[in-house]
Each structure stands twice: as C-alpha cells, then as structure tokens.
Amino acid sequence: MQDRQEKRRKLLKNLAKGLLYSTPLMVASIGISQAVSAESAAYEQASGEGEAKAKMHKAKGEAEGEAKGEGEAHMMKAKGEAMGEAKGEGEAHMMKAKGEAKGEAEGEAKGEAEGEAKGEAEGEAEGEAKGEAEGEAEGNPKDIKRPMFSKKYKGDSSNLVARGKELYGDSSLSTNGLNCNSCHTDMAGYNDTFKNPYPHYVAMGKDIYGQKKLTAESMVQVCMQQPMEAKPLAWNSEELAALSAYVEVLQKEYAAK
C-alpha cells in the first residue's frame, strides 16, 4: 500500500515536472503557431495584394494596350481613308482630265472632218455650178484664144479694113440672122471700156470665158459665138483678119469721140 502511494507521488512529481517543462514548449508552440499563422496571413494578404496589384497592372496594361491599339487602329483607319480619298480624287481628276482630253480630241477631229467635208461639198457645188454656168454659156476659153504657132492671114491693111466693114453687116456669118451692126449701128452698144486700146477688159469675155482682157480678134470670136450663135472663125481665115482690122479702126474712132 505504501509502495503504491510512493509510486503515485513519483508519478505526480514527474507529471508536475513534465508540465513544468512542457508548458513553455506549449506556450512556445502556441506562439510559433500564432506567428506562423500571422506570417501565413500576412503572406496571404501580401499575396492577395500582389495578385490585386498584378491584376491592376494587367488591367492597366490591357487598357493601355487597347487604347494604344484603338488609337493605332483609328490612325491607320484615318490614314487609309485619307489615302483612299486622295487616291480616289487623283483618279477622279485623272479620269476627268482624260475625258476632257478625249472630248477635245474628238471635238477637234469632228470639227475638222465636218469642216473638210463642208469645204469639199461647197467647193464641189461651186465648181459644178460654175461648170454648169460656163457649160450653158458654151464659153470655152480655147475658142477665143489664138492657138500657139497658128498662122495669121496676111493681106494689105487697107483692103482688110474695107473687107471687114462689109463683113460687119453680113448676116450670113451667123445662124440666127444677126450681124455686128445689129448691136453696134452708129457706134451704139459699146461700153466705156471700148475706149481703151486692145487688148482691154470686156465684160462678156470675163463673164462667159473667164478672160480678163481680149484682143480685137478674140472680141470678134466672142461675138461670133454669143450674139450670132455661130462657130468661131478659122484663125488663119481672111474673115477673122478683116473683121479684127475693122474693129481696131472702130475702137480708135470711138475713143476719139
């Protein structure tokens, strides 16, 4: 019984010692646990703050990136639109200039073509009208101009004038019964140009044959074909030489009046 109590005392004593030693340990353990817990909490808080800060930086970065991206996108879009507008305006001006140049070229070509066509048409019409008028008048210049190398009738001048005076009133030379005196009896029917020595201007020669000046024999040939409606006299004939000599005498008399 006594042994049992002794053992119990020792046990209690040892327990007391154990408690004595274990209590600080427990306290230290508790302190360490609390410190660890506090550190963990602080770490967790710091981690949370870091994550928040990281998230904030990430959000800021994303916002800046988006802003920068949008800005660059707007800038690129504006640049593209500006380039597109400039290109479009340039092409429009080029097409306008090209169209105007084409229109001017076509207008000039058309105007020239129309002008040439009109000029040709007018020239042809005028030529035809002139040809028809001359054809109607039967005025061939060859009929009133002495041919080159043709021989002239030679005779006494006074005899030629006398013979010419006879022929001046001879209606057999015509086809319609007229003679030279039919128009010029007693110096009648002459224009003022008859006062000028031959060759001189004769209206009928210019209007019908296109000849500005006529010789005496050309004037005789005109009268033979027009008023008297006959063929021209032979260039080497006595009749032409006689009538030409007499006409020159009449011209001098008319100029002296």
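The values are calculated or read from the model by the stated rules, or taken from the named source; none is laboratory data. Values in this document were obtained by computation on a predicted structure and should not be read as measured data. Cβ atoms come from the backbone with ideal geometry, glycine included; neighbour counts cover every protein chain shown.
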Do you know which residues across the range 144-191 are among the β-branched types (Val, Ile, Thr) and farther than 18 Å from VAL249 by Cα? ILE144, THR175
What is the residue count in the range 174-192 for residues that are surrounded by 12 or more Cβ atoms within 10 Å (Cβ to Cβ), touching a helix residue (DSSP H, G or I) at 6+ places or on another chain (Cβ under 6 Å) and of a type in the set (A, V, I, L, M, F, W, C)? 1
Exactly one condition in (1) out of contact with any His (no Cβ under 9 Å at 6 or more places or on another chain); (2) farther than 15 Å from ARG146 by Cβ is false for GLN251; which is it? (1)
Where SER171 falls short, out of the listed (1) hydroxyl-bearing (Ser, Thr, Tyr); (2) surrounded by 17 or more Cβ atoms within 10 Å (Cβ to Cβ); (3) out of contact with any helix residue (DSSP H, G or I) (no Cβ under 6 Å at 6 or more places or on another chain): (2)
Answer yes or no: is there a residue in the range 162-174 that is in contact with an Asp or Glu (Cβ under 8 Å, 6 or more places away or on another chain) and at pLDDT below 90. no
Positions within the range 207-255 being within 16 Å of PRO141 (Cα to Cα), assigned to a helix (DSSP H, G or I) and of a type in the set (A, V, I, L, M, F, W, C), in sequence order: ILE208, ALA216, MET219, VAL220, VAL222, CYS223, MET224
Residues satisfying the stated conditions in the range 187-199, i.e. within 13 Å of VAL222 (Cβ to Cβ) and touching a strand residue (DSSP E or B) at 6+ places or on another chain (Cβ under 6 Å): PRO199
Please count how many residues of the range 219-257 are among the β-branched types (Val, Ile, Thr), out of contact with any Ser or Thr (no Cβ under 9 Å at 6 or more places or on another chain) and crowded, with 17+ Cβ neighbours inside 10 Å. 2
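With LYS142, LYS195, LYS212, LYS154 as the choices, which residue is more than 14 Å from SER244 (Cα to Cα) and out of contact with any helix residue (DSSP H, G or I) (no Cβ under 7 Å at 6 or more places or on another chain)?
Checking each option against the conditions leaves just LYS142.
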Which one is surrounded by the fewest Cβ atoms within 10 Å (Cβ to Cβ), of the residues in the range 193-218 that are of a type in the set (A, V, I, L, M) and over 20 Å from GLU238 (Cα atoms)? ALA203
Somewhere in the range 192-206, is a residue more than 19 Å from ASP143 (Cβ to Cβ), charged (D, E, K, R), without any contact (Cβ under 8 Å) to a residue 60 or more places away in the chain and in a helix (DSSP H, G or I)? yes
